[in-house]
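*Asks:* Here it is, the structure in full.
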Amino acid sequence: MTSRVLPPEEWPKLVGTEADTLWPHLDPDNTQVIVVEDGDRIVGTWTAVRLVHAECVWVDPDYRGSFGVVKRLLRGMQRAARQWGARTVLTGSLTDQVSAFITSLGGQALPGEHFVIPVEQICQQR
């Protein structure tokens, strides 16, 4: 078995893997797809994506339902993401209402649960 970073021109080989629905949306300048191969067969993948991850959106209860606050937050986030050269923003949702709003902006739900792993712990054996 060998491992390598899969170049963007080979990303279509990811069809049938967990990255199947994700890779078409990725920016090659900010993504590394690590693959393990057995001969010509991909037997493992893990995708490292450098991206803008927006969290902790909050609106004062007295101002919820006011599109003025949301519009200003959206414009500010768009400016921040553009300053960093991002093509996409990753965010989370805790309510069906927020999920519907994100979807109306063209957002797509990602499968599974998401976690934060300290880099120092990645290769720690338990």
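Read-outs: derived from the displayed coordinates by stated rules, not from any lab. A quick note: this is a predicted structure, and the numbers were derived from the prediction, not measured.
*Asks:* For a test of the definition: using alpha carbon positions, the gyration tensor, and the 1.5 limit on a/c, classify segment 2-49 as rounded, prolate or oblate. Let's see the in-between values first.
*Replies:* On the way: a/c = 1.89, a/b = 1.45, b/c = 1.31.
Since a/c reaches 1.5 and a/b is larger than b/c, the shape of segment 2-49 is classed as prolate.
*Asks:* Then there is this: Using helices alone, I'd like the mean residue ellipticity at 222 nm for the chain: each DSSP H run of four-plus residues gives -39500 (n - 2.57), total over residue count, nearest 500. Show your work: numbers first, answer last.
*Replies:* On the way: 2 runs with 26 residues, N = 126.
The helix-only estimate for the chain comes to -6500 deg cm²/dmol at 222 nm.
*Asks:* Could you grab the relative contact order for the chain? Cα pairs under 8 Å, six or more apart, rounded to a whole percent.
*Replies:* Working: 91 pairs, mean separation 22.9, N = 126.
Answer for the chain is 18 percent.
*Asks:* Another question, then. Under 1.5 on a/c is rounded, so check that first for the chain, then, if it is not, pick prolate when a/b is larger than b/c and oblate when it is not; a ≥ b ≥ c are the square roots of the alpha carbon gyration tensor eigenvalues. Write out the running numbers ahead of the final one.
*Replies:* Working: a/c = 2.39, a/b = 2.09, b/c = 1.14.
Verdict is prolate for the chain.
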